[in-house]
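Taken together, the values in this text are just the output of simple stated rules run on the coordinates, not laboratory data. On a predicted model such as this, the values are computed, not experimentally measured, just so you know. Backbone-built Cβ (ideal geometry, glycine too); neighbour counts: all protein chains shown.
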Amino acid sequence: MPTSKSTTQNHKKIAITTGDPNGIGFEVTAKALAHLGPQKNVVFFVFRDQQQHLVQKQYFKLLDKQFLRLTFLNLTSALHFFEILKKQKTIPKNVLFDLALDTSAAHWVLDAANACGEKKFSGLVTGPLSKTLVKKAGFSFMGHTGAFRKLYPKASMHMAFKGDKFNVLLASDHIALEKIPSFLDKKAIQTAIKAAQNFKKLIGSNKKIAILGLNPHAGESGLIGNFEKKFLSTLPLDVVGPLVPDAAFLKANWNKYAVFICLYHDQGLIPFKVVHGQDSGVHITMGLPFVRTSVDHGTAFDIYNKNLANHASMLDAINLNLNLL
């Protein structure tokens, strides 16, 4: 790929971690970046496995049609070289920093997030990461959100999902169902509402927020549990609810609310993924000191390297990250 004319403007540096090497993360990243092409005053740093080029050459060819790809064996060298180019005012408009790493994909997330916290990156986009890989790497946290909580233990973080049809924020995430009622105390509900209000502001919506009940029929006025009467009877003016969970996501409700607050993982993720599939949908971590977006799907090991992965969610994740910076 020939080098495009250099630019002297300030750049947004976006880190993209591609997740499990034997999943679809690198495929959807390459397809999304090839679709998007170089962006004005934006430089992408792609974290991938050192051996990826040996087994997925076709996706490197996709990238190389659009970008001047510079390969580095560690993040420090890549960032140092970027600073040299910046100082010399010779950053090519189509440059892409390709990080060929021999560390675990779990480490990439921590390294990229640390760099974001230190303002070395403008934002972070993450590909799918399996909990098995995280455990194999020696970590005890669960998924990306667990990794971020490890780095920022005092921050109140919530998983949020932006879709074409509706948006969801989870009051709790990777918690066993049996532990949810004890976790969702008054403080947990209040922090979830605050996170939803921030999410609403972030996406620029002026609609009200909806919160779902925990019990069937939202407790039926105490006939099927008292959780709703105890914790959801008094809500801020911009929050509606509790909605009956089995009817909350009827199509007629999609455009009524800015965000649906769901009280546990599957209450929000099942309807969100059923409706949006892999055609749209972006995962956002609320509560971080930087913008982090992600695909809303998993590693899909069964279609690894078969050129079947849909890159729409990764494209949406990258575009939203850029729009929110």
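Just a few scattered comments:
- The share of Cα pairs per 5 Å bin across the range 158-272, counted from zero up to the longest distance, runs 2, 12, 25, 27, 20, 10, 3, 0 percent.
- The GNM of the chain, with springs linking C-alpha atoms under 10 angstrom apart, assigns the highest mean-square fluctuation among L85, L54, L169 to L54.
- Computed over the chain, relative contact order equals 22 percent, with contacts defined as Cα pairs under 8 Å that lie 6+ residues apart.
- Cα convex hull, the chain: 133 Å³ per residue, rounded to a whole number.
- Estimated 222 nm signal from helices in the chain, with DSSP H stretches of n ≥ 4 weighted -39500 (n - 2.57), rounded to 500: -10500 deg cm²/dmol
- Helix axis angle, 75-88 relative to the chain longest principal axis, alpha carbon, degrees: 60 degrees
- Cross-link reach list, aspartates and glutamates versus K162, counting only Cα pairs under 17 Å and skipping chain neighbours closer than eight places: D173, D266, D279, D296, D316
- Among the listed pairs K230/K251; K13/K131; K40/K87, those beyond 24 Å (Cα-Cα): K230/K251; K13/K131
- Most fluctuating residue given options I261, I189, I24, as computed from a GNM of the chain linking Cα atoms under 10 Å: I189
- Other residues with beta-carbon under 14 Å from the beta-carbon of G222 carry, at +1 per Lys or Arg and -1 per Asp or Glu, a net charge of 0.
- Checking the Cα-Cα distances for K150/K256; K179/K256; K208/K273 against a 28 Å cut-off, the pairs over it are K150/K256; K179/K256.
- Inter-centroid distance (Cα atoms) of the range 41-85 relative to the range 220-265, Å: 45 Å
- Summing charges over neighbours of L36, with a neighbour being any other residue whose Cβ is under 13 Å away from its Cβ, gives +2 when K and R count +1 and D and E count -1.
- Relative exposure of M314, M157, M142, M286, judged by other C-beta atoms within 10 Å (fewest first): M142, M157, M286, M314
- Folded to 0 to 90 degrees: helix 25-36 orientation relative to the chain principal axis, Cα: 80 degrees
- Spin-label model, K186 to N307: label points 7 Å out along the Cα-to-beta-carbon direction sit 6.1 nm apart.
- Pairwise FRET efficiency - K120 versus S205, Cβ, R0 = 25 Å, nearest 0.05: 0.20
- Antiparallel bridges, percent of DSSP beta bridges restricted to the chain (to nearest 5): 25 percent
- Here the mean projected area of the convex hull built on the C-alpha positions of the range 244-325 is 6.9 nm².
- Taking other C-beta atoms within 10 Å as the exposure proxy, V168, V43 rank V43, V168 from fewest upward.
- For a straight C-alpha distance cut-off of 14 angstrom, the aspartates and glutamates reachable from K136 (same-chain residues fewer than eight places away being disregarded) are D20.
- Only lysines eight or more places from K154 in sequence, or on another chain, were considered; those with a Cα closer than 20 Å are K119, K186, K187, K194.
- Net charge of Cβ neighbours under 15 Å - reference T71; Lys, Arg +1; Asp, Glu -1: 0
- The alpha-carbon positions of the range 6-128 define a convex hull whose volume is 88 Å³ per residue.
- The relative contact order of the range 6-155 comes to 33 percent, based on Cα pairs under 8 Å that sit 6 or more residues apart.
- Gaussian network model of the chain, Cα within-10 Å springs - most flexible of V46, V275, V28: V275
- Loop-resident sites, the range 133-178, for trypsin sites (Lys or Arg not before Pro), counting at most 14 other Cβ within 10 Å (DSSP): K154, K165
- Rounded tilt (10° steps) of 312-324 against the dominant C-alpha axis of the chain: 90 degrees
- Note on N253 and K229: the extension gain reaches 6.3 nm, defined as 0.36 nm multiplied by sequence separation minus the Cα-Cα distance.
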